[in-house]
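Encoded as structure tokens, the structure appears first; notes follow it.
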Amino acid sequence: MTCYPINNIFHRLTLGETLLRISEVQSIRDHIYVLLSTVPNEYLYDRQYGCELLNSDFNIERVDNEKESIYLIIKNSIIQYEPRIDPESFKAEARIETEEKNNTLRKKLILSLSMDTKDLKESLSFDIFYYLSPFALA
């Protein structure tokens, strides 16, 4: 399978340049990142494409209590939209780190993902993180 990086396809095509090729594993990683960073209803071609995670109203102070719902939200999106992944092998862990800078407290949601590909029989594992709204300390 030939895979191309998502982030520069349109730009390169408009310039008439040759597209870069990437591995299927990198293509899967890129697609999962886009999928998890997209809110449903964001794209007109598929209103359900995306992940409800960034729309979720979970309590970031009690993320330990929310881990199962975070896991299910992520897993359901990836299984639905990334057919190259073996659903039985999917694992995810969520944790929150707190950063303080310039009298602002930021919460960082870190998702550690691991899964196997169906065809390649390769394992992937990587982290994705999102900053949640900053909180003023004053």
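Of all residues in the stretch 82-113, those that are over 19 Å from SER69 (Cβ atoms) and under 13 Å from the mean Cα position of the chain (by Cα) total 1. Here the condition is being modelled with pLDDT under 80 and open to solvent by 40 Å² or more (accessible area, probe 1.4 Å); of PRO83, PRO134, it holds for PRO134 alone.
Annotation note: Cβ proximity below 6 Å between a residue of the stretch 34-56 that is in contact (Cβ under 8 Å) with a residue 24 or more places away in the chain and a residue that is surrounded by 12 or more Cβ atoms within 10 Å (Cβ to Cβ) and among the aromatic types (Phe, Trp, Tyr) (sequence gap 6+ or interchain) occurs for LEU35/TYR81; TYR49/TYR43. Regarding LEU109, is this residue in contact with a helix residue (DSSP H, G or I) (Cβ under 9 Å, 6 or more places away or on another chain), open to solvent by less than 40 Å² (accessible area, probe 1.4 Å), at pLDDT below 85 and not in a helix (DSSP H, G or I)? Yes.
The values are calculated or read from the model by the stated rules, or taken from the named source; none is laboratory data. Since the model is a prediction, treat every value here as computed from it, not as a measurement. Don't worry about glycine lacking a Cβ; one is built from the backbone with ideal geometry, like all the others, and counts go over all protein chains shown. Side chains included, ligands, DNA and RNA excluded: accessible areas come from the protein's heavy atoms. Shrake-Rupley method; radii C 1.70, N 1.55, O 1.52, S 1.80 Å.
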